[in-house]
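Worksheet for the structure shown next.
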Amino acid sequence: MSDTFKRLERAAPDTLLPISEVLDAIRFNGDGLLPAIAQQHDSGEILMMAWMNREALEETLNTGRVCYYSRSRQKLWRKGESSGQQQHLKSAALDCDGDTLLLQVDQTGPACHTGRKSCFYVGLEGNQARITSSPLIDPDTLYSTKSQVSKSQVSKS
C-alpha cells in the first residue's frame, strides 16, 4: 500500500489532497489498469465492471463522461461511442487500498452489450445458473449504425 493511502486511513472527513498525489498513488496492475465498477447513482444497481488506465480515469474526471480502456482494442473506450448508451459521472471513489474504483453514474439505456441494464444477469444459484433479466433492447438494434437509441426509447427498469 502506498504512503498516501496509508495516511488516508486516519484522515478526518473533508481532508483534501491534490488529485495528482492521489492519482500517482493508485495501484494500477502490471498492465497499467485499474478495475472500475459502475453503479447507477440513484438505484444503487451495479451495472458493469471495466478497466481504466490513468488516461481514461483523468478523461472521466475532467469531462464527466465515463471513459474506459478496452483491453481487446488496446485503446480508450468512451462508453456509448458505438451504442449511444453513455455513462455520465456523478461521483468517483477509490477503495481503501487504491486498487479499485467505484463510479456512481447516470446510465443512458442499457449498460451491457447484450442490451440488458446490467452486465450481471447470470445468477449462480446452488448447482445451476439462472438468467435474471431480459434485454431492454435487441443487441443488433443497439449497435446498428443507423439506429442510435436515446434515453427516451429505452425504459428505465
Tell me the mean residue ellipticity at 222 nm calculated for the chain from its helices only (DSSP H runs of n ≥ 4, each -39500 (n - 2.57), averaged over every residue, nearest 500).
-4000 deg cm²/dmol
Cα long-axis angle, helix 54-63 against the chain (0 to 90 degrees, to the nearest 10)
80 degrees
Would you calculate the volume per residue, in Å³, of the smallest convex hull containing every Cα atom of the chain?
154 Å³
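By its C-alpha gyration tensor, with a ≥ b ≥ c as the square roots of the eigenvalues, how is region 61-124 shaped: rounded for a/c under 1.5, else prolate for a/b larger than b/c, else oblate?
Working: a/c = 1.39, a/b = 1.18, b/c = 1.18.
It comes out rounded by the Cα gyration axes.
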So which cysteines of the chain have no other cysteine's Cβ under 4.7 Å from theirs?
Cys67, Cys96
Inter-centroid distance (Cα atoms) of region 44-70 relative to region 90-114, Å
7 Å
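Taking 0.36 nm per residue of separation and subtracting the Cα-Cα distance, what length does fully extending Ser133 through Asp42 add? Don't jump to the answer; show the numbers that get you there.
On the way: separation 91, 0.36 × 91 = 32.76 nm, distance 1.93 nm.
The Ser133-Asp42 span can extend by a further 30.8 nm.
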Row for region 1-85, column shape: gyration tensor on C-alpha, a ≥ b ≥ c, rounded if a/c < 1.5 i.e. under 1.5, prolate if a/b over b/c, else oblate; value prolate
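Order 23-36, 102-115 from most to least packed using the mean count of other Cβ atoms within 10 Å.
Order by mean packing, descending: 102-115, 23-36.
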By the scheme Lys and Arg +1, Asp and Glu -1, what is the net charge of all other residues having a beta-carbon under 13 Å from that of Met48?
+2
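Coordinate-derived values only; no laboratory data. Bear in mind that the values here come from a model prediction, so they are computed numbers and not experimental data. All Cβ positions, glycine included, derive from the backbone under ideal geometry; neighbour counts span all protein chains shown.
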